[in-house]
Amino acid sequence: MTTLSHLRRSALRLPEVEEGTRFGLVAFAVRGKRFVSLTKDGLVELPMTDEDADRVLERLTVAEPLTRSGQLIGVRVPLADVDGMELNALLEKAWRSRAPKRLVAPRERAASGMVPAGPDGLPPGLSRPARRALLAAGIDTLSAAVSRSDAELLALHGVGPKAVRLLREAAAERG
């Protein structure tokens, strides 16, 4: 059973997301574009591409179509009936459909494993979860990583003390 606190935590982990209200209900937006809201009945409304919505409707029996003027604009799922991992995947799809391309591109690179190489590339000893977390946050070079504080890096899900140490050591080695 997924809760509002899980929904909130997962939505706010996505880049540039802000919490607000829509018609007095909890809603989340990226750059002013709403990508998820929760109804009074506990239904999570997720606008997304037609293609993504069709796949979700085929796969999830609890999902219902979200329509406007007869057009499919996303899906609606009961918060209590979807598990946390599934909710995270749905939030990602909805966020990607509304976020600017400059925010989506680093997450796509992270998912594909594409990492810039060269003298400013991330050190090779980083774990995959740490590398994915950094790339998803738009941190794809060593200089971008070391410009962040340890606390900022540690706040990324997947980045631990060892990853921060490796980044600092690589920066010291490379000058």
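The values are calculated or read from the model by the stated rules, or taken from the named source; none is laboratory data. Remember, it's a predicted structure, so these values are computed and weren't measured experimentally. Neighbour counts are summed over all protein chains in view; Cβ atoms, including those assigned to glycine, are modelled from backbone coordinates with ideal geometry.
Below is a table of values for the structure above.
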item: Arg98 vs. criteria closer than 30 Å to Leu153 by Cα and among the charged types (D, E, K, R); result: yes
item: Failed criterion for Gly84 (all others in (1) in contact (Cβ under 8 Å) with a residue 60 or more places away in the chain; (2) more than 23 Å from Glu16 (Cβ to Cβ) hold); result: (2)
item: Hey, Val62 outside any helix (DSSP H, G or I) and without any contact (Cβ under 8 Å) to a residue 24 or more places away in the chain or not; result: yes
item: Cβ pairs under 6 Å, 6+ apart, first in segment 1-30 and more than 17 Å from Arg107 (Cα to Cα), second assigned to a helix (DSSP H, G or I); result: Met1/Ala80; Thr2/Leu79; Thr2/Gly84; Thr2/Leu87; His6/Gly84; Phe28/Ala11
item: Test: residue in segment 47-55 that is part of a loop (DSSP other than H, G, I, E, B), more than 14 Å from the chain's Cα centre (by Cα) and within 28 Å of Ala172 (Cα to Cα); result: no
item: Hits in segment 53-89 - residues which are in contact with a Leu (Cβ under 9 Å, 6 or more places away or on another chain) and either outside the structural domain of Pro15 (by TED's automatic domain parsing) or over 20 Å from His6 (Cβ atoms) (or both); result: Ala53, Asp54, Leu57, Glu64, Pro65, Leu66, Leu72, Ile73
item: Matching option when the condition is modelled with pLDDT of 90 or more and under 20 Å from the mean Cα position of the chain (by Cα), among Ala136, Ala89; result: Ala89
item: Residue list for segment 140-175, restricted to those being among the charged types (D, E, K, R) and either touching a strand residue (DSSP E or B) at 6+ places or on another chain (Cβ under 7 Å) or exposed (fewer than 13 other Cβ atoms within 10 Å of the Cβ) (or both); result: Lys162, Arg165, Glu169, Glu173
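Per-residue answers, yes or no, for (1) among the aromatic types (Phe, Trp, Tyr); (2) modelled with pLDDT of 95 or more; (3) buried (at least 17 other Cβ atoms within 10 Å of the Cβ); (4) on the phi > 0 side of the Ramachandran plot:
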{"site": "Gly32", "(1), (2), (3), (4)": "no, no, no, yes"}
{"site": "Ser37", "(1), (2), (3), (4)": "no, yes, yes, no"}
{"site": "Asp41", "(1), (2), (3), (4)": "no, no, no, no"}
{"site": "Val44", "(1), (2), (3), (4)": "no, yes, yes, no"}
{"site": "Met48", "(1), (2), (3), (4)": "no, yes, yes, no"}
{"site": "Arg59", "(1), (2), (3), (4)": "no, no, no, no"}
{"site": "Glu64", "(1), (2), (3), (4)": "no, yes, no, no"}
{"site": "Arg68", "(1), (2), (3), (4)": "no, no, no, no"}
{"site": "Val77", "(1), (2), (3), (4)": "no, yes, yes, no"}
